[in-house]
Amino acid sequence: MLRKSRRMHPDTGAIMKEAARRVDLPTRRMFMQQAAGLGSLTLLSGCDVVDGVSAEKMLGSVSDFNDRVQVWLFDKNKLAREYPESAITRPFPFNAFYPVDKAPQVNAVEYRLDISGLAENKEPWTLERLHGLPRFTQITRHICIEGWSAIGKWSGVRFSEFLTRIGADLSAKYVTFRCDDNYITSIDMATALHPQTQLTLWFDDELLPRQYGFPVKLRVPTKLGFKNPKHIGEIEIGNDFNGGYWETYGYNWFSGL
Amino acid sequence: MTVSASNVALVPMRPAPLVHPLIVRLTHWINAAAIIVMIMSGLEIHNAYPTLPFKVPEIVTLGGWLGGATQWHFAAMWVLMTSGSIYVAHGLLSGRFRRKLWPISPRAVITDMVAAFSGRLSHQDLSVYNAVQRLLYSGVILAGFAAVLSGLAIWKPVQFRLLCSLFGDFDQARLIHFMAMSAVLSFLIVHVVMALLVPRSLLAMVRGR
């Protein structure tokens, strides 16, 4: 069931995105009302923010500009700080767009990691094969857009190593992750190739638990938490911008740290 | 009586001296707008996961929710960076800061504070700041710097890793960011009240004299 929902009809994605942009979601509505109530601000800013839609457009284009600034600012040699074991946050907080009991239950034996897009070897990966890849461990700080942070210990394969093994086109622009909880996000290739970016299979020396993304998550210590997808079912390498779940609602796409 | 009145009329009208040059007035109001947007959207971001154990009423926040608030925050930051840099560069290079905000003696601050609370502080000459003004204006510039630097530290703790570690680490930098904002906000409230109590000073920041 979950496997099917991973990938929608090619056009559906675009339609859904457009729909999400227009649909009167509670948060979106709140945003509009807030923006509409800004009559007093027009005096100060000089631009017409009374019209909620135009305010949203203006903010959207600044967010796109901020993406470009962050691409420019990103230094592939700058490493996120690593911490000693004693600094690990226990228990590590669970966070998702659903409560913890709704986290997907993935069958370890039937699980396959699908590869699509610009890669030479698109053979799906079993969990066993993934576990056989060379691993490294990092103790880094996970920083949520909400403002909280927590230090965790993750182990898995260097994502650049994985991309090389599947013969991915490393000059492609984006890597998109489609997940078994219907989450989707995408990152830039430079970040995908960063030495700390990890296809994670273990958490705190144990098999990656369900609430933290079993069987496979992406750990990106150079990006905010929501850019660290869990329960990854499909990895797509390509030049088409796919955005992401939260990005559609207005979170900044690059969200680099 | 009428003679002396006509005598006055014969004296050529001298325009009041310019207290605030155009660049100061312009950047002052742009900074003010950007700071208000940053504080209001920042309070909405705070509410997503309160730094301190309380939430701020939605009425004083901006953005409607976390996503909208971050968009406002990271848009207004460019306005503040641009306008704020021009303001500070002008203040330093023109000697305005040195002339207007220096020196600040603790004794004069106390004297002027007492005078202010007893309603005897003179605002006759708007071009000269009293000691309390000097202290507050210098203080808010420093608090502004602290807010910007701690903000950069929590915006890019990896790219600006050294800066972030100067504040301790991410969580401490976030707390300092909140405290710096609180200092700026406290100033803002006092500043607005004082400006309304001495409307001529408010007018001077609009017209320049």
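The values are calculated or read from the model by the stated rules, or taken from the named source; none is laboratory data. Nothing here was measured: the structure is a model prediction, and the numbers come from that model. Quick reminder, even Gly has a Cβ in these numbers, built from the backbone with ideal geometry, and neighbours come from all protein chains shown.
List of remarks:
- Residues that are more than 10 Å from every other protein chain (Cβ to nearest Cβ), not hydrophobic (A, V, I, L, M, F, W, C) and not in a helix (DSSP H, G or I), drawn from region A:122-141: A:Lys122, A:Glu123, A:Pro124, A:Thr126, A:Gly132, A:Pro134, A:Arg135, A:Thr137, A:Gln138
- Note on region A:91-114: among residues that are aromatic (Phe, Trp, Tyr) and over 15 Å from A:Tyr183 (Cβ atoms), the one that is surrounded by the most Cβ atoms within 10 Å (Cβ to Cβ) is A:Tyr111.
Table: residues versus (1) within 14 Å of another protein chain (Cβ to nearest Cβ); (2) outside any helix (DSSP H, G or I); (3) closer than 20 Å to B:Ser85 by Cβ.
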residue	(1), (2), (3)
B:Val128	no, yes, no
B:Ser138	no, no, yes
B:Phe145	no, no, yes
B:Val193	no, no, no
B:Leu202	no, no, no
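- Residue within region A:76-84 that is farther than 27 Å from A:Arg158 by Cα and modelled with pLDDT of 50 or more present: no
- Residues within region B:93-114 that are part of a helix (DSSP H, G or I) and of a type in the set (Phe, Trp, Tyr), tallied: 1
- Hits in region A:147-166 - residues which are closer than 17 Å to A:Leu257 by Cα and either assigned to a strand (DSSP E or B) or in contact (Cβ under 8 Å) with a residue 40 or more places away in the chain (or both): A:Trp148, A:Ser149, A:Ala150, A:Ile151, A:Gly152
- Matching entry among B:Ala76, B:Ala131, B:Ala143 (being within 30 Å of A:Ser54 (Cα to Cα), surrounded by 18 or more Cβ atoms within 10 Å (Cβ to Cβ) and within 20 Å of the chain's Cα centre (by Cα)): B:Ala76
- Yes/no for A:Ser116 being within 14 Å of chain B (Cβ to nearest Cβ) and among the small types (Gly, Ala, Ser): no
- Cross-chain or 6+ apart pairs with Cβ under 7 Å, region A:66-81 first and more than 8 Å from every other protein chain (Cβ to nearest Cβ), then part of a helix (DSSP H, G or I): A:Lys76/A:Ala190
- On the stretch given as region A:62-90, residues that are outside any loop (DSSP other than H, G, I, E, B), hydroxyl-bearing (Ser, Thr, Tyr) and closer than 27 Å to B:Thr70 by Cα total 1.
- Neighbours by Cβ (under 7 Å, 6+ apart or cross-chain): first from region B:160-175, in contact (Cβ under 8 Å) with a residue 60 or more places away in the chain and facing another protein chain (nearest Cβ under 8 Å); second β-branched (Val, Ile, Thr) and in a helix (DSSP H, G or I): B:Arg174/B:Ile154
- Region B:34-83, subset assigned to a helix (DSSP H, G or I), hydroxyl-bearing (Ser, Thr, Tyr) and touching a Phe, Trp or Tyr at 6+ places or on another chain (Cβ under 8 Å), residue nearest to A:Cys144 (Cα to Cα): B:Thr70
- Only one of B:Ile30, B:Ile23, B:Ile39 that is touching a residue at least 12 places away in the same chain (Cβ under 8 Å), touching a Leu at 6+ places or on another chain (Cβ under 7 Å) and either within 12 Å of chain A (Cβ to nearest Cβ) or not small (Gly, Ala, Ser) (or both): B:Ile39
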